[in-house]
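Only the coordinates and a few stated rules stand behind these numbers; no lab work does. All figures in this text were calculated on a predicted structure; none of them were measured in a lab. With ideal geometry, Cβ positions are generated from the backbone for all residues, glycine too; neighbour counts draw on all protein chains shown.
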Amino acid sequence: MEHESVEHDSRNAARERAARRDRAVRGAVAQGLLGPDAAVVGLLDVTGIREATAALKAAFEAVAAPGTPVLHAFAVKATPLVPVLRLLDAEGIGAEVASPGELALARAAGVEPSRTVLDSPAKTPAELREALALGIAVNADNPQELDRLDGLVRAAPTRSPLGIRVNPQVGGGTIGATSTATQTSKFGVALRDEGAREWVVRAYLERPWLSRLHTHTGSQGVPLPLMARGVAEAYALAEEINARVGRRQIDTLDIGGGLPVNFASEATTPTYAQYARVLAEEVPGLFDGRYGLVTEFGRSLLAEQGTVVARVEYAKAAGGRRIAVTHAGVQVATRTVYAPGNWPLRIAAYDRTGRPKEGPLVVQDVAGPACFSGDMLAQARALPLLEQGDYAAALDTGAYYFAHHYAYNSLVRPGIYGFVPDGTAGVAFATVREPQRLTEVVEESGGAHASALTTLRTPGSG
């Protein structure tokens, strides 16, 4: 009965999310955020973001011993937008950063250093110094980075929690490019390599200030059992290290994130609750209160909450196939365009007023504006016929899509707007990021240095 109740709640949540999205598209057209002069936008469901963060926190609270310290740190790379980070911070979610830029975004959003984690395979000395000065948690990726930390810790005391990232080498998922625990992954210390495990143990024995252990196995295409195996390997290593040291030196396990997203339907699957239960079954000691926990979810928190909506500029046919030419393509959906088999997107059709389009399904392509043949959001997709002036919406694009602009053809970055119901069957919008102006494109492309090359002369060239 409990399972049936959860399924029912999940279906209701999916229907409500779809209804909010439909109202938002209609509202964006009515309020002029979408139209001939704003041909592509990103929409973020603020209610959905709040619901996702609540589900994440509840899932871990349900399996962890009372009082267990848990920091859920959002992987900033998934949606690097300051208003999003501030909203998540207000909902009790910290920040996992992997570059100086991401740290700057987190700080601009007001995320406290004590709720920030720095992970990157290529941290510079300057990045490490800044993190240690601020008290940000750092996970060393490799022996050379640990050597750098040795010198920095000797030079100046820090309150930063410090640890080592390990690669459990448990295998990859269905997408090689996003699998982080393979035999030859570039991330962390490869535990199964000869001598590596003992090196990690010795590193902790020699450095009492190392108090964390980090691993990250999951990402899109990685099944829950494999994710749990990676966490189990890290937990076993922490137990071994603490036993060798003779005290609880490692007090926190950072288990990463990477919960896969269902891009095939409206349903949220797997859920945070399902993942937490799998972890509790496979690694019960993880939740008995002896270890603090850190998670680093990104895509799974934001993907379903975002939609890219693009105007159909032209509708045409070629070789008997209908083609809707839109303003959303490789610049907002880079992964989908270059690897459509791994990153397919659902497409929803809306009419020129922003209402869901009805009518018989027609097999058609949904093309982007860039000047190469592969710039396709979807191919051979059965949809109500998209016509000039209609809108095509790429669903589940709140992570790794409209906030990761790819400047092909110098296409401008779209505006991004958050939305909530306004209480009167309408929608209220807030600007998250302004649409990029053409003057900004010119500026970013060296406009201030237009004569730099024509005035450059080699000695004696006249």
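Tabulated results
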| read-out | value |
| --- | --- |
| Cα convex hull of segment 304-438, projected area averaged across orientations, nm² | 8.7 |
| Relative contact order computed over segment 41-302 (Cα-Cα under 8 Å; 6+ residues apart), in percent | 21 |
| Cα-based Lys proximity count in the chain, under 22 Å, for pairs eight or more positions apart or on separate chains | 5 |
| Folded to 0 to 90 degrees: helix 196-206 orientation relative to the chain principal axis, Cα | 60 |
| In degrees, nearest ten, helix 125-134 long axis to first principal axis of the chain (Cα) | 80 |
| ³J(HN,Hα) computed for each position of segment 362-371 - Karplus, 6.51 cos²θ - 1.76 cosθ + 1.60, integer Hz, glycine/proline x | 10, 6, 8, 9, 10, 9, x, x, 6, 8 |
| Percentage relative contact order, segment 330-462, counting C-alpha pairs under 8 Å, at least six apart | 22 |
| Sequence ranges 398-409, 419-430, 449-460, ranked by mean other-Cβ count within 10 angstrom, highest first | 398-409, 419-430, 449-460 |
| Mean Cβ neighbour count within 10 Å, used as a protection proxy, ranking 380-389, 315-324, 114-123 highest first | 114-123, 380-389, 315-324 |
